[in-house]
Amino acid sequence: MKKLICAFIFLSFLGCKPSEEKESTSSTVDTGLDRTVLPIKEPTYPAESELDARNAKAPARFEVKAPEKAPNVVIVLIDDIGFGHSSAFGGPINMPTLEKLAANGLKYNRFHTTALCSPTRVALLTGRNHHINNAGAIMELATGFPGNTGIRPNSVTPLAQILRMNGYSTAAFGKYHETPPWEVSVSGPFDRWPTGSGFDKFYGFIGGETNQWSPAIYDGVTRVEHEADPNYHFTVDMTDHAVNWMQAQQSLTPDKPFYVYFATGATHAPHHAPKEWADKYKGKFDGGWDKLREETYARQQQMGIIPASAKLTERPKEIPAWDAQSAEAKKLFSRQMEVFAGFAEHTDHEVGRLVTALEKMGELDNTIFFYIVGDNGSSAEGGPQGTYNEMMALNGIPGDASQMMNHIEDWGSPNTFPHFAIGWAHAGNTPFQWAKQVASHFGGTRNGMVLHWPDRFKGNGEVRSQFHHVIDVAPTVLEAAGLPEPKMVNGVTQYPMDGVSMLYTIDDATAKDRRTTQYFEMFGNRGIYHNGWVACTRHSIPWILGSAPPLEEDVWELYNIDEDFSEANNLAETNPEKLKELQEVFKQEAIKNHVFPIDDRRSERFNPAIAGRPDLLGPRKTLTVYEGMVGIAENAFINVKNTNYTITADVEIPKAGANGVIIAQAGKFGGWTLYMKNGKLQHEYNYFGVENTRVTSSTAVSPGAHILKYEFVFDGGKPGAGGTSILYVDDKKVGEGKIPKTQPFVFSADEGVDVGMDGETNVSNDYKEGDNAFTGKIQQVKVEVPPGK
């Protein structure tokens with residue numbers, strides 16, 4: 001009764017009776033908004049002279065909402081999978097979710113990417129060519145030249161930001177790989193992180209790849225550890241987070257559309273697949289990659305994925321024949337492909353959980369859903385025989401099958417960081433030539449895409465063959481949402497989108513192409529599409545470093561792709577005038593898009609000093625770090641490769657003696673660690689998980705304050721040479737050893753430096769994973785390289 005009386009008094013104070021329905025004193029308006037300038041300008045309200053609010057009427061509330069009936073947007077992007085891998089496009093890998101969406105949607109068989117990770121992603125998410133985004137290559141290889149700086153201009157606003165400013169909720173899950181590496185630290189800036197690029201929510205990893213069993217995860221801009229679960233896999237984890245976010249968003253704001261960017265780390269290396277998924281393909285690839293190409297090609301023609309006139313291109317001489325492999329090597333190679341296939345099907349299964357969640361929420365029909373099967377062609381970065389540790393390939397060290405035979409049974413497990421052989425990549429790109437990075441040919445740039453949107457059209461798996469590119473996705477979304485492309489954002493005039501909407505293709509399979517010209521370039525591999533013709537030149541090969549001739553000596557090819565779907569018939573000699581015409585078109589497009597000057601270097605550009613990009617530490621030769629600083633990215637840390645260096649730790653040893661990690665860089669598949677065990681100071685160098693070198697102090701370190709020091713004396717010479725490890729306690733030498741060789745260019749693409757522990761995977765097996773914190777007190781650790789380095 002007291003509560004009712006209080007409520008009556010309160011409502012009386014507001015000027016209404018309990019039984020009365022309170023009159024609305026305001027309304028929401030969304031008419032006449034100028035959406036070409038973002039953020040949308042708030043109205044100017046007249047000054048109010050009425051003293052008492054009860055005698056005044058509030059103006060209509062200003063609120064930006066998405067246009068009426070604007071659909072949800074979901075973009076799924078699978079990593080490093082080829083045109084000929086998925087079952088929906090004639091491949092051997094069962095992908096039922098992709099097939100389900102295709103059966104009620106449309107398949108696009110002339111959809112293109114840039115041939116590499118970061119460039120495709122920035123083009124996809126902004127609608128502008130990759131060089132306009134300053135992403136001529138991956139962010140880790142940025143240079144000082146416009147078109148390659150790694151800094152997205154303010155004149156290029158991402159689709160997520162446009163949608164968010166127009167009333168959408170936005171979220172990204174999985175791989176990002178668009179943030180400049182020198183900005184990946186607590187110091188920011190965070191403008192080019194996902195949450196600074198229009199996404200309200202981000203859960204995933206920032207770099208180009210991650211260990212699927214032990215990922216380096218960020219929630220927003222904060223490093224987080226995944227749950228301790230022996231069955232943990234990142235693709236499952238990111239799907240859980242995506243589903244939870246969608247459900248919560250729709251629960252609280254059911255009338256507000258959402259945009260989800262779901263970019264899996266799969267199927268990029270490391271090829272980490274649950275064993276039960278890989279085992280589903282036992283024996284299915286024993287016939288080899290050449291036979292697989294023929295089988296895929298036949299299915300593609302039978303399914304109408306490719307025209308009956310399309311030819312199967314020849315295998316380049318640089319890719320070995322299956323029949324030339326030894327019987328033992330074939331066992332290894334077969335398992336490589338089994339694991340990759342299981343990895344891909346497992347990924348599609350997780351996409352299926354996302355789709356099922358949308359169905360249960362009643363939102364699938366009102367969602368324009370892009371399922372993009374690859375950000376480039378299948379990757380040949382594993383080399384001729386594949387590699388048990390992909391970081392070796394990224395450092396220019398090819399794998400040797402004879403050294404990997406003991407990993408056949410655990411290929412794809414947490415004990416490996418694997419990538420398959422190039423023959424499988426070539427087969428996965430059937431019927432085209434070449435692979436990822438080779439932007440000159442469709443094996444590097446042609447990927448399947450499925451479009452699904454039941455509220456707009458009811459498809460039945462028809463094929464659309466208009467020529468399109470990832471830059472066309474953002475304009476398609478804007479047209480679907482009824483939104484204009486903004487001319488100004490945050491006071492900055494916008495660079496117009498290079499893309500065109502693809503919605504015109506929905507109702508007319510024979511509609512004339514609206515994309516008539518598109519350039520391609522990656523590491524000197526370049527091509528131009530123009531009015532049904534392609535001119536191209538393959539300049540370099542991903543797995544043969546330093547093999548490229550001078551750019552001016554490259555040999556160009558010419559294809560009429562309106563008649564020659566797979567680029568099988570080179571017309572350069574018979575139609576030199578057409579070739580010359582297209583070369584001039586390429587030149588003009590290259591100049592307009594900041595493609596020149598072309599930079600064909602790869603591994604060397606991991607070094608900021610060589611590449612000419614910013615380095616967070618600049619000219620500093622010392623870095624002092626403190627306990628609790630974990631996950632420091634390699635590009636935000638002193639470069640200790642190919643040089644002398646020292647690590648000096650000011651510590652306090654407890655009475656019981658000390659154990660645990662003082663400082664460690666990277667992890668199980670390469671790195672180094674300075675730690676204590678049973679009171680002794682120890683250092684271990686892990687060479688790609690293949691060879692470990694440990695040096696230990698001769699006696700235990702006594703309790704109390706001490707200065708512990710590690711010194712590495714580089715042998716000199718070529719990158720990757722060895723050196724001498726020396727341990728000191730209070731300036732007294734207590735141990736020495738020889739490291740025969742070191743990692744030349746990069747330790748890890750995801751694992752960083754940890755102070756006071758060793759997170760994710762362990763550098764050393766001499767201490768436990770997840771339970772290796774230093775038991776003493778670390779005052780500070782100073783890492784120093786000599787002047788002039």
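The values are calculated or read from the model by the stated rules, or taken from the named source; none is laboratory data. All values derive from a computational prediction rather than experimental measurement. All Cβ positions, glycine included, derive from the backbone under ideal geometry; neighbour counts span all protein chains shown. Just the protein is used for accessible areas: all its heavy atoms, side chains included, with ligands, DNA and RNA removed. Shrake-Rupley method; radii C 1.70, N 1.55, O 1.52, S 1.80 Å.
Here are the numbers for this structure:
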item	result
Cα-centred dipole magnitude for the chain, charges only on beta-carbon of K, R (+1) and D, E (-1), debye, nearest 20	740 debye
Span-rule helices in the chain, defined as complete DSSP H runs reaching 15 Å or more along the axis (Cα) with Kyte mean at least 0.5	2-14
Mean Cβ neighbour count within 10 Å, used as a protection proxy, ranking 751-758, 619-626 highest first	751-758, 619-626
Over 25 Å (Cα to Cα) - which of Lys655/Lys733; Lys201/Lys275; Lys733/Lys777; Lys69/Lys458 fall in this group	Lys201/Lys275
Sequence ranges 610-618, 712-720, ranked by mean other-Cβ count within 10 angstrom, highest first	610-618, 712-720
Beta bridges per DSSP with both ends in the chain, % antiparallel, nearest 5	75 percent
Whole-angstrom gap from the stretch 603-619 to the stretch 248-312, using each part's C-alpha centre	36 Å
Charge-dipole axis of the chain as Lys and Arg at +1 and Asp and Glu at -1 on Cβ define it, positive-most pick from Asn570, Cys536, Asn635	Asn635
Nitroxide proxy distance, nm - points 7 Å out along Cα→Cβ at Ile591 and Gln403	4.8 nm
Positive-end extreme of charge dipole, the chain - chosen from Pro307, Leu364, Asn686 (charges on Cβ)	Asn686
Peptides ranked, highest mean first, by Cβ atoms within 10 Å: ranges 762-775, 95-108	95-108, 762-775
q = 0.23 Å⁻¹: log10 I(q)/I(0) that the Debye formula gives for the stretch 330-452, counting C-alpha atoms only	-1.26
Integer Hz, Karplus 6.51/-1.76/1.60 couplings in order for the stretch 149-162, x for Gly and Pro	6, x, 10, 5, x, 5, 7, 10, 8, x, 4, 4, 5, 4
Whole-Å distance, taken between Cα centres, linking the stretch 57-121 and the stretch 188-229	21 Å
Of Lys284/Lys741; Lys512/Lys592; Lys65/Lys512; Lys107/Lys512, pairs whose Cα-Cα distance is over 27 Å	Lys284/Lys741; Lys65/Lys512
Euclidean distance of C-alpha centroids, the stretch 732-747 and the stretch 500-554, integer Å	45 Å
Where Arg35, Arg538, Arg605 fall by accessible area, highest first, once all protein chains stay in place (1.4 Å)	Arg538, Arg35, Arg605
Accessible area (Å², per residue) of the chain, counting only protein heavy atoms and a probe of 1.4 Å	39 Å²
Under 18 Å from Lys41, Cα to Cα: aspartates and glutamates that are on another chain or at least 8 residues apart	Asp30, Glu63, Glu485
Entry for Rg/Rh (Cα atoms, Kirkwood Rh) (calculated from the structure that is shown) out of [x] 1.10; [y] 0.97; [z] 1.01	[z]
Debye, to nearest 20: dipole size of the stretch 241-290, +1 on Lys, Arg Cβ, -1 on Asp, Glu Cβ	80 debye
Radius 14 Å from Cβ of Ala572, net charge of other residues (Lys, Arg +1; Asp, Glu -1)	-4
